[in-house]
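Quick note: the coordinates plus some simple rules give every number you see, no bench work behind them. Here the structure is a predicted model, which means the values were calculated and not measured. Counting neighbours? That spans all protein chains shown, and the Cβs are built from the backbone with ideal geometry, glycine included.
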Amino acid sequence: MPITESDIEKIAALAQLELTDDERRALTPQIASIVAYVEQLNELDTSAAEPALGGLTDEGARTDAAREDAPLPSLGQTLALDQAPDPAAGHFRVPKVL
Amino acid sequence: MNIETIRTRLAGGELDARAVAERALTAAEELNETLGAFLQIDRAGALARAGELDAGRQGDESSAQPLGAVPVAVKDNICVRGLQASCGSRILGGYHPPYNATAIERLRDAGAIIVGKTNCDEFAMGSSNENSAYHPVRNPWDTARVPGGSSGGSAAAVAARIVPVALGSDTGGSVRQPASLCGIVGVKTTYGRVSRYGLVAFGSSLDQIGIFATNTADAALTLSVIAGRDPRDATTADTPVPDYVSELTGDMRDARIGVPRELFGAGLDADVRASVEAAIETYRALGAEVVDVELPHAKYAIAVYYIIATAEASSNLARYDGVRYGFRAEESHTLREMYRRTREEGFGAEVKRRIMLGTYVLSSGYYDAYYLKAQKVRTLLKQDFARAFERCDAIITPTSPTTAFLLGEKTDDPLAMYLNDIYTVTANLAGIPGLSVPCGLSQAKLPIGMQLLGPHWSEPTLFRFAHAYEQAQPFDARPPVSAEEQ
């Protein structure tokens, strides 16, 4: 299915990107050609294959990843806010939501 | 100086840690204008650390640490407390993580000195290091050419003998390919072998921290230090860490090397092919049995990779929103406008391209057709490797289809750049270890690397095979831009 500039606009909105007109024009054929390339996977019959989701190794899958349920020190407010672009009164300040 | 030389000179009293650190720092500073390998050089921190090591060492040689006074460079997507972690991106410009990656903690505990943060493709997305938001890295063998990517700065720093060891990250070949293009050893381990706590996430089912070194022994020793289970990374496996150095026996008797002939076809540079074929003959002469193997789904690996890696990246990079740290676009009127403008101004072209592609393949109605399909083909590829490893202990391929290309040569065609990863992405998709070793120079005097791939947890075998080759065919050539005379 061909990918249009309006598709690119919709994807950009989902990805929280504000593309320029130039970017949108450049990305449309690039994304279309990459998608056309990856569609070669449709040649393959995968009806008998399970998706490779989860652990990649048997040993990894067997490992009990849960740590002991004990409290550990956290980052703390000072350090957490240390690099915030706009900290205010112990919070991360952002522009109005609506 | 490799690790053994540093250790010998320290033990003999010829050098102390401060002198070793000073030498690496001076080389890093002097060569950075030519190579652009570093984004930050930590002179003060490295010298302070060296001073501590010298003070601790006096009169107590029995406490010699495995990486005592070894200068290490670290890719800028791995967190080192007190240093920047920009990931080569504007969106994390000036960001200083408040903690160390587990691999960094382990290196420091073993006596290593972190000398600085190395340049890379933005968020490790690229095969040439040209996607850094700051400046490109140049190949020490020919400064008109790329060092490979995405860990290009780490590769160039080791190749130019600024440091003996560097860390990178390998999501689709980002350690092995630049190692190959720069004439050094590069290791990507089994998924779950090295903790990723403190590695900035790109493709979480693919990412591994990897090692660059000038020889196999240094890489093996470094892996012995950083490998192992970490409660802070749930994907690390509870699998014992062997002494990799003790595996370097040179013994190739009863070894079986698999050759996937279908990967030696079209698109492979003639010099690269000849060098890897010669390496296969070297293995035969060392007593290995050479067998043909088939990887029928390897030709689909790039397609699978660019669905899975971009899908995971689009999710992982959603956290860069200008709220808690990093860059924020100015003068936005609403929260949504702030998000969008921050990401628009903060991310570079390749990162946006991959976020867009990843968002597309995960979007409503397309998930089954792309992401799920790719994960199924990934299973078929894993099965190919499992079958191949019934017939051999390791598979040999080229690491990259060509030697280092010119800066600007492939930047206009993203797909052509992606195809450069054809030999390396399979290991990340299957979760298996892979290692690149120099195996000669092209007619244009550019290094060529061969790749060894093995089953899960076969790092000892890969190191043994790589070391045996190194002993039989030493790669002594040095790049024209180098901190040390040959």
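Say we join alpha carbon atoms closer than 10 Å with springs in a Gaussian network model of chain A; which of A:ASP64, A:ASP86, A:ASP45 then has the biggest fluctuation?
Result: A:ASP86 has the largest fluctuation of those listed.
May I have the convex hull volume per residue, in Å³, for the Cα set of the stretch B:1-119?
Roughly 97 Å³ of hull volume per residue.
Just from its helices, what would the mean residue ellipticity at 222 nm be for the protein assembly as shown, if runs of 4 or more DSSP H residues each count -39500 (n - 2.57) and the sum is divided by every residue, rounded to the nearest 500 deg cm²/dmol?
Calculated mean residue ellipticity at 222 nm is -11000 deg cm²/dmol.
Please find, in a Gaussian network model of chain A (springs between Cα atoms separated by less than 10 Å), the residue of A:GLN16, A:GLN83, A:GLN40 whose mean-square fluctuation is greatest.
Highest fluctuation of the listed residues: A:GLN83.
Please provide three numbers in whole Å: the alpha-carbon extents of the protein assembly as shown along the principal axes, with the largest listed first.
69, 57, 52
If you take the square roots of the eigenvalues of the alpha-carbon gyration tensor of the stretch B:118-239 and sort them as a ≥ b ≥ c, do you get rounded (a/c under 1.5), prolate (a/b over b/c) or oblate?
Here the stretch B:118-239 falls in the oblate category.
Give the average, rounded to an integer, of partner chain Cβ atoms located within 10 angstrom of each Cβ in B:293-304.
Values: counts 0, 0, 0, 1, 2, 0, 1, 5, 0, 3, 8, 3.
That works out to 2 on average.
In cubic angstrom, how much convex hull volume per residue do the alpha carbon atoms of chain B span?
Measuring per residue, one finds 139 Å³ for the Cα hull of chain B.
Would you check chain B for Lys pairs whose C-alpha atoms are within less than 25 Å, ignoring same-chain pairs closer than 8 in sequence, and give me the count?
Counting lysine pairs in chain B gives 18.
Whose amide H sits under 5 Å from the amide H of B:GLY210, counting only residues 5 or more places off or on another chain, with H placed in the peptide plane?
B:GLY168, B:SER169, B:ASP170
Whole percent per 5 Å bin, from 0 to the bin with the longest distance: what is P(r) over all C-alpha pairs of the stretch B:57-119?
The percentages, shortest bin first, are 4, 19, 25, 20, 13, 9, 6, 3, 2, 0.
So if I take the alpha carbon set of the stretch A:1-44, get Rg, then get Rh from the Kirkwood formula, what is the Rg over Rh ratio? Let's see the in-between values first.
On the way: Rg = 11.7 Å, Rh = 11.1 Å.
That ratio equals 1.05.
Given an 8 Å cut-off on Cα distances and at least 6 residues of separation, report the relative contact order of the stretch B:77-159 as a percent. Please report the intermediate quantities before stating the final value.
Values: 156 pairs, mean separation 20.5, N = 83.
It rounds to 25 percent for the stretch B:77-159.
What fraction, in whole percent, of alpha-carbon pairs in the stretch B:3-251 exceed 33 Å separation?
Roughly 11 percent, once rounded to a whole number.
Treating only the Cβ atoms of Lys and Arg (+1) and Asp and Glu (-1) as charged, compute the dipole magnitude of the stretch B:3-251 about its Cα centre; round to the nearest 20 debye.
The calculation lands at about 400 debye.
Amide H neighbours of B:GLY258 under 5 Å, at least 5 residues apart or on other chains, H built in the peptide plane: list them.
Placed amide hydrogens put B:VAL291, B:ASP393, B:ALA394, B:ILE395, B:ILE396 under 5 Å from B:GLY258.
Using unit Cβ charges (K, R positive; D, E negative) and no other charged atoms, how large, in debye to the nearest 20, is the dipole of chain B about its Cα centre? Spell out each step's value before the answer.
Values: 48 positive and 58 negative charges, 222 e Å.
I would put it at about 1060 debye.
If one puts a single equal scatterer on every Cα of chain A and applies the Debye formula without solvent, what log₁₀ I(q)/I(0) results at q = 0.12, 0.17, 0.18, 0.19 Å⁻¹?
-0.92, -0.94, -0.94, -0.96
By counting other Cβ atoms within 10 Å of each Cβ, how are B:ARG57, B:ARG229 ranked from fewest to most?
The fewest-first ordering by Cβ neighbours comes to B:ARG229, B:ARG57.
Rounded to the nearest 20 Debye, what is the dipole magnitude of the protein assembly as shown about its Cα centre when Lys and Arg each give +1 and Asp and Glu each give -1 at the C-beta?
So the dipole magnitude of the protein assembly as shown works out to roughly 600 debye.
Report the longest stretch of chain A that contains none of the trypsin sites (Lys or Arg not before Pro) sitting in a DSSP loop with at most 11 other Cβ atoms within 10 Å.
The segment A:1-66 is the longest one with no such site.
Could you line up B:THR342, B:THR399, A:THR46, B:THR26 from fewest to most neighbouring Cβ atoms inside 10 Å?
Ordered by Cβ neighbours within 10 Å, fewest first: B:THR26, A:THR46, B:THR342, B:THR399.
Percent relative contact order of chain B, based on C-alpha pairs within less than 8 angstrom and at least six residues apart?
Computed over chain B, the figure is 18 percent.
Please compute the average number of Cβ atoms from other chains found within 10 Å of each residue's Cβ in peptide B:379-385.
Other-chain Cβ atoms within 10 Å of each residue's Cβ, averaged: 3.
Between A:ALA26 and B:GLU390, what's the calculated FRET efficiency when r is the beta-carbon distance and R0 is 35 Å? Round to 0.05.
The value I calculate is 0.15.
I want to check the label-to-label distance for B:ALA11 and A:PHE92. Put each point 7 Å from Cα in the C-beta direction and report it in nm to one decimal.
5.1
Name the longest site-free stretch of chain B, where the excluded sites are GluC sites (Glu not before Pro) in a DSSP loop with no more than 11 other beta-carbon atoms within 10 Å. Walk me through the numbers before you get to the answer.
Working: sites that count: B:GLU14, B:GLU330, B:GLU331, B:GLU390, B:GLU484, B:GLU485.
Longest site-free region, per DSSP loop and neighbour criteria: B:15-329.
When chain A is modelled as a GNM with alpha-carbon springs shorter than 10 Å, which of A:PRO51, A:PRO29, A:PRO73 fluctuates the most?
Top of the fluctuation ranking is A:PRO73.
How high is the relative contact order of chain A? Use alpha-carbon pairs under 8 Å, at least six apart in sequence, and give a whole percent.
15
Could you sort B:429-439, B:146-156 so that the peptide with the highest average Cβ count within 10 Å comes first and the rest follow in order?
Averaged packing, sorted descending, gives the order B:146-156, B:429-439.
Check B:ASN100: other-chain or 5+ apart residues with amide H under 5 Å from its amide H, H built from backbone geometry?
B:ARG81
Starting from the stretch A:1-97, pick out the GluC sites (Glu not before Pro) whose DSSP state is loop and whose Cβ has at most 14 other Cβ atoms within 10 Å.
A:GLU68
What does the average come to when, for each residue of peptide A:26-34, you count the partner chain Cβ atoms lying within 10 Å of its Cβ? All intermediate terms of the calculation are to be shown ahead of the outcome.
Working: counts 2, 6, 0, 0, 7, 5, 0, 3, 13.
Per residue, the average neighbour count from other chains is 4.
Rounded to the nearest 5, what % of the DSSP beta bridges within the protein assembly as shown are antiparallel ones? Before the final figure, lay out each step's value.
On the way: 33 of 49 bridges.
Here the share of antiparallel DSSP bridges comes out near 65 percent.
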